[in-house]
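> Take a look at the following structure, please.
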Amino acid sequence: PREEIAYVTCTYRETCIDQPDFLATIDLDPRSPCYGQVIHRLPMPNLKDELHASGFSSACACSDGATKRTKLILPCLISSRIYVVDVSSECRAPKICKMIEPVDVFWTCDKGYLNVPRSLPNGDVLIANLGDPAGNAKGGFIVLDGKTFELKGNWENECQVPPGGYDFWIQPCQNVLVSSAGVIPKLSGRRFCPEDFNKGIYARRLNVWNLSCRTVTQCFDMGEDSLPLSVKFLHHPNAAEGYVGCALSGIVYRIFKYNWAVEEVIRIPPKEVSGWIMCKMPAFTADIVISSDDKYLYLSNWLHGDIRQYDICDTCRPRLVGQVFVGGSILRGGPVTVCRDEELKCQPEPLVVKCRRVYGGPSQMQLSLDGKRLYVTNSFYSTWDKQLYPDVVREGSVMLQIDVDTEKGGLTVNKNFLVDFGEEPHGPCLAHSIHFPSGDSTT
């Protein structure tokens with residue numbers, strides 16, 4: 001069925017507004033009088049959590065075939081708190097049904113800075129973490145019971161804790177879990193700093209795990225300061241390949257089963273610029289999404305400002321078939337001048353939707369099950385938003401809809417859809433993760 005509502009995580013951290021983060025429910029039904037509006041807000045009971053990633057507690061991968069999504073898991077990137085939200089009793093007005101305090105996560109797991117949650121084949125919930133309670137680099141996963149949502153402890157064998165974590169994907173039929181490395185929380189939490197390059201702050205490691213043994217079987221070095229973030233596999237249950245987006249190198253790698261190996265398949269060149277914090281602005285792959293039919297890959301380039309669509313029918317040779325700019329740092333008339341560009345002949349024009357100027361660059365994406373509508377928000381991480389896109393913090397995030405040509409390829413901004421998070425009752429906020437209760441392309 002077509003998606004009718006979406007859940008979007010929103011934070012007030014770094015906005016100078018002393019309000020709790022909240023989960024926004026968005027009306028996506030074009031027949032509704034509230035289409036494109038926030039119809040419900042679920043405030044968290046604490047301040048400065050930084051709601052970031054989210055995920056459902058039950059997914060198609062569960063061994064009993066369960067696909068009903070009744071609980072939404074909201075781990076907090078900064079506070080390390082975990083909220084469990086009931087989205088089944090009243091899907092348009094969800095409620096918090098359980099909260100796990102940071103002290104329990106710290107004492108039970110010695111973990112912190114929680115990010116992506118996904119369901120395990122047995123129904124339990126796995127949550128990736130970036131560091132330890134002090135913000136030092138420490139990867140791995142914590143586990144919630146899939147029925148009671150009690151904290152069960154760490155998932156990985158203790159001797160297998162990697163030096164960092166961020167995102168991951170599970171492929172049960174291949175008995176594999178692949179995880180990316182992320183950043184060192186206590187250092188990257190200050191700001192995006194060019195002086196941090198070559199110091200190990202921006203990670204370079206990709207881990208391949210044996211799912212049943214919970215051990216790392218292979219580790220790939222993706223290159224200095226490559227910062228592998230988003231990990232997505234093809235949706236076919238037996239698929240033994242996927243893609244990894246490296247934020248700072250602008251490279252997307254294909255990972256495939258040949259005793260597991262990686263190969264570069266997409267490279268977005270940096271742009272030589274003036275008026276920015278570096279003389280070269282790298283491509284910043286914030287997110288990748290694969291369509292449910294495994295035909296297209298979508299990539300959000302947070303710094304340059306474009307969303308790209310690649311045909312991956314030949315998985316070894318992705319072919320660019322669609323591109324649209326929805327903001328970014330290189331727009332015409334802004335403070336940044338592009339001196340040399342291997343791809344564009346001129347700087348893109350600013351985007352205006354429903355009389356609203358769109359600031360910032362595309363960050364998190366979500367694709368409808370039929371592949372025809374791609375939704376995108378423009379907050380990556382509040383501290384970096386404040387530094388690199390202060391207009392987003394001042395004016396608030398937006399959520400856009402990109403119309404997709406699923407036959408030949410092609411992307412177009414839908415000028416009739418805009419969720420303006422700058423008009424929130426308590427002031428502008430930053431929006432990040434998107435999920436549909438009816439199912440989406442990343443769950």
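> If you scan the stretch 83-119, which residues turn out to be farther than 24 Å from L42 by Cα, part of a loop (DSSP other than H, G, I, E, B) and open to solvent by less than 10 Å² (accessible area, probe 1.4 Å)?
Scanning the stretch 83-119 gives a single hit, K111.
> Can you spot a residue in the stretch 419-442 that is in contact with a Pro (Cβ under 7 Å, 6 or more places away or on another chain), more than 16 Å from H52 (Cα to Cα) and assigned to a loop (DSSP other than H, G, I, E, B)?
yes
> Can you name the condition, by its number, that S438 falls short on among (1) open to solvent by 20 Å² or more (accessible area, probe 1.4 Å); (2) at pLDDT 95 or above; (3) in contact with an Asp or Glu (Cβ under 7 Å, 6 or more places away or on another chain)?
So the condition that S438 fails would be (2).
This table checks each residue for (1) among the polar types (S, T, N, Q); (2) touching a residue at least 12 places away in the same chain (Cβ under 8 Å); (3) over 30 Å from L211 (Cα atoms).
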| residue | (1), (2), (3) |
| --- | --- |
| A6 | no, yes, yes |
| E14 | no, yes, yes |
| Q19 | yes, yes, yes |
| A24 | no, yes, yes |
| G36 | no, yes, yes |
| F56 | no, yes, no |
| R69 | no, yes, no |
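> In this structure, is Q309 surrounded by fewer than 23 Cβ atoms within 10 Å (Cβ to Cβ), polar (S, T, N, Q) and within 25 Å of Y359 (Cα to Cα)?
no
> If you don't mind, another one. Any idea which of (1) under 23 Å from T443 (Cα atoms); (2) open to solvent by less than 10 Å² (accessible area, probe 1.4 Å) is the one N122 doesn't satisfy?
All conditions pass for N122, except number (2).
> Let me ask something else about it. All but one of (1) assigned to a loop (DSSP other than H, G, I, E, B); (2) open to solvent by 70 Å² or more (accessible area, probe 1.4 Å) hold for E156; which doesn't?
With respect to (1) assigned to a loop (DSSP other than H, G, I, E, B); (2) open to solvent by 70 Å² or more (accessible area, probe 1.4 Å), E156 is out only on (2).
> Assuming I184 fulfils every condition listed in (1) farther than 15 Å from Y166 by Cβ; (2) under 21 Å from the mean Cα position of the chain (by Cα); (3) open to solvent by 10 Å² or more (accessible area, probe 1.4 Å); (4) among the β-branched types (V, I, T) apart from one, which condition is it?
Condition not satisfied by I184: (1).
> With respect to S230, determine if the residue is touching a Gly at 6+ places or on another chain (Cβ under 7 Å), assigned to a loop (DSSP other than H, G, I, E, B), of a type in the set (S, T, N, Q) and closer than 27 Å to G139 by Cα.
no
> Taking only the stretch 197-220 into account, find how many residues are farther than 19 Å from A286 by Cα, among the charged types (D, E, K, R) and touching a strand residue (DSSP E or B) at 6+ places or on another chain (Cβ under 7 Å).
The number of residues fulfilling the criteria is 0.
> Which one of these is part of a strand (DSSP E or B) and surrounded by fewer than 23 Cβ atoms within 10 Å (Cβ to Cβ): V178, V208?
V208
> If you go through the stretch 244-265 one residue at a time, do you hit one that is open to solvent by 30 Å² or more (accessible area, probe 1.4 Å), among the polar types (S, T, N, Q) and in contact with a Pro (Cβ under 9 Å, 6 or more places away or on another chain)?
yes
> Quick one: would you say K372 is open to solvent by 20 Å² or more (accessible area, probe 1.4 Å), under 17 Å from T442 (Cα atoms) and touching a Cys at 6+ places or on another chain (Cβ under 9 Å)?
Considered against the rule, which asks whether it is open to solvent by 20 Å² or more (accessible area, probe 1.4 Å), under 17 Å from T442 (Cα atoms) and touching a Cys at 6+ places or on another chain (Cβ under 9 Å), K372 comes out as no.
> Here's a follow-up. Restricting attention to the stretch 189-221, report how many residues are farther than 16 Å from E156 by Cα, at pLDDT 90 or above and not acidic (D, E).
Adding up the residues that qualify gives 2.
> If you check every pair at least six apart or on different chains, which have Cβ atoms under 8 Å apart with a residue in the stretch 140-151 that is touching a residue at least 24 places away in the same chain (Cβ under 8 Å) and outside any strand (DSSP E or B) first and a residue that is of a type in the set (F, W, Y) and surrounded by 13 or more Cβ atoms within 10 Å (Cβ to Cβ) second?
G140/W155
> Against the conditions (1) surrounded by fewer than 21 Cβ atoms within 10 Å (Cβ to Cβ); (2) out of contact with any Lys or Arg (no Cβ under 6 Å at 6 or more places or on another chain), where does H304 fall short? Just the number, please.
The failed condition is (1).
> State which residue is nearest to I266 (Cα to Cα) when the search covers only the stretch 211-227 and only residues that are in a strand (DSSP E or B) and touching a helix residue (DSSP H, G or I) at 6+ places or on another chain (Cβ under 7 Å).
The qualifying residue nearest to I266 (Cα to Cα) is V216.
> Which of (1) in contact with a helix residue (DSSP H, G or I) (Cβ under 7 Å, 6 or more places away or on another chain); (2) surrounded by fewer than 19 Cβ atoms within 10 Å (Cβ to Cβ) does C10 not meet, given it meets every other one?
(2)
The values are calculated or read from the model by the stated rules, or taken from the named source; none is laboratory data. Everything numeric in this text was worked out from a predicted model, so none of it was measured. Please note: Cβ atoms are built from the backbone with ideal geometry, for glycine as well, and neighbour counts cover all protein chains shown. What goes into the accessible areas is simple: the full protein's heavy atoms, side chains included, and nothing from ligands, DNA or RNA. Shrake-Rupley method; radii C 1.70, N 1.55, O 1.52, S 1.80 Å.
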